Amino acid sequence: MLPIDLIDSVKNISKEAGAAILEVYQRDGDIEVANKKDDSPLTEADIAAHQIIVYALNELTPEIPILSEESADISWGEREAWTRYWLVDPLDGTKEFIKRNGEFTVNIALIDNHVPVLGAVFVPVKDILYSGVLGQGAWKEDAGVETEIRVATTSISKEVKIVASRSHRGEELDAWLKKIEKSFKKVELLSMGSSLKICLVAEGKADIYPRLALTSEWDTAAAQAILEAAGGILKDSKFKTYRYNQKENILNPYFFAIGDINFDWQAL
């Protein structure tokens with residue numbers, strides 16, 4: 001099946017997982033949190049969303065393997081042979097979920113020969129769904145109304161909008177921002193959680209998202225598919241286009257999610 005034939009089903013799966021997350025999110029009282037081996041938080045909602053997505057994807061495409069954050073113990077010996085697989089973060093932004101600020105998402109991506117060719121990013125609290133298929137387009141569904149999205153044009157002579165992590169800031173990012181502020185007439189900084197940062201670039205509400213801190217491949221794949229379907233690109237710190245499942249370690253390098261591919265960010 002082609003990615004365009006799968007996108008509607010994947011969008012529905014992301015919404016089903018989002019509904020399970022909301023059921024936990026809207027309960028009274030504190031959210032129970034456990035710690036995984038890497039000390040990252042894990043909640044009942046993470047597990048519920050994972051189970052829904054894995055079951056549904058296995059029903060949809062039983063021949064395509066799945067790598068989810070909550071089933072990440074698949075060996076590199078098995079994974080390196082994959083040419084096509086689903087890459088899933090059932091609840092991206094667990095820290096935002098625990099804070100109850102609404103900035104968390106369900107991320108589902110299809111990787112084909114290392115390239116994210118399909119992506120769905122669902123925002124349960126806002127009922128907003130971003131989706132994209134490489135070569136076919138990208139869309140945003142808000143309260144049931146779907147519109148096509150495209151990246152913005154970047155220019156030195158206009159205001160540039162930079163989106164940054166709400167939970168992860170550091171000296172390297174602050175130094176980079178100071179350098180950029182000298183190059184543009186005006187700089188606006190937007191703060192956001194989870195993969196929504198890349199989606200803001202995809203829909204033209206931000207020009208660039210610099211990520212100068214660690215992430216994992218399931219954090220970015222779905223949003224990268226949407227970004228590239230909308231005309232943008234995701235480059236690593238050496239300004240090479242980032243691709244997936246090319247190494248045993250699933251950690252991403254530092255990267256830049258860029259809207260306007262014709263603007264020379266590397267020169268700055």
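Computed quantities for the displayed model
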{"quantity": "The stretch 214-268, residues that are touching a helix residue (DSSP H, G or I) at 6+ places or on another chain (Cβ under 9 Å), of a type outside the set (Ser, Thr, Tyr), assigned to a strand (DSSP E or B) and over 20 Å from residue 149 (Cβ atoms)", "calculated": "251, 252, 255"}
{"quantity": "Meets criteria (at positive phi, loosely packed, with under 11 Cβ neighbours inside 10 Å and modelled with pLDDT under 95) for residue 93", "calculated": "no"}
{"quantity": "Answer residue from the stretch 138-152, given it is touching a strand residue (DSSP E or B) at 6+ places or on another chain (Cβ under 9 Å) and either small (Gly, Ala, Ser) or closer than 14 Å to residue 122 by Cα (or both) and is surrounded by the fewest Cβ atoms within 10 Å (Cβ to Cβ) among those", "calculated": "143"}
{"quantity": "Condition met for residue 32 (in contact with a helix residue (DSSP H, G or I) (Cβ under 7 Å, 6 or more places away or on another chain), loosely packed, with under 13 Cβ neighbours inside 10 Å and farther than 17 Å from residue 217 by Cβ)", "calculated": "yes"}
{"quantity": "Set 98, 53, 64, 74: member being surrounded by 13 or more Cβ atoms within 10 Å (Cβ to Cβ), in a loop (DSSP other than H, G, I, E, B), touching a residue at least 40 places away in the same chain (Cβ under 8 Å) and not assigned by TED's automatic domain parsing to the domain that holds residue 196", "calculated": "64"}
{"quantity": "Any hit, the stretch 234-243, residues being acidic (Asp, Glu), surrounded by fewer than 19 Cβ atoms within 10 Å (Cβ to Cβ) and in contact with an Asp or Glu (Cβ under 9 Å, 6 or more places away or on another chain)", "calculated": "no"}
{"quantity": "Number of positions in the stretch 154-188 that are exposed (fewer than 13 other Cβ atoms within 10 Å of the Cβ) and assigned to a loop (DSSP other than H, G, I, E, B)", "calculated": "6"}
{"quantity": "Answer from 46, 38 - the residue that is crowded, with 18+ Cβ neighbours inside 10 Å, modelled with pLDDT under 95 and not in a strand (DSSP E or B)", "calculated": "46"}
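The values are calculated or read from the model by the stated rules, or taken from the named source; none is laboratory data. Note that the coordinates shown come from a computational prediction; the quantities given were computed from them, not determined experimentally. Every residue, glycine among them, receives a Cβ derived from its backbone with ideal geometry; neighbour counts consider all protein chains shown.
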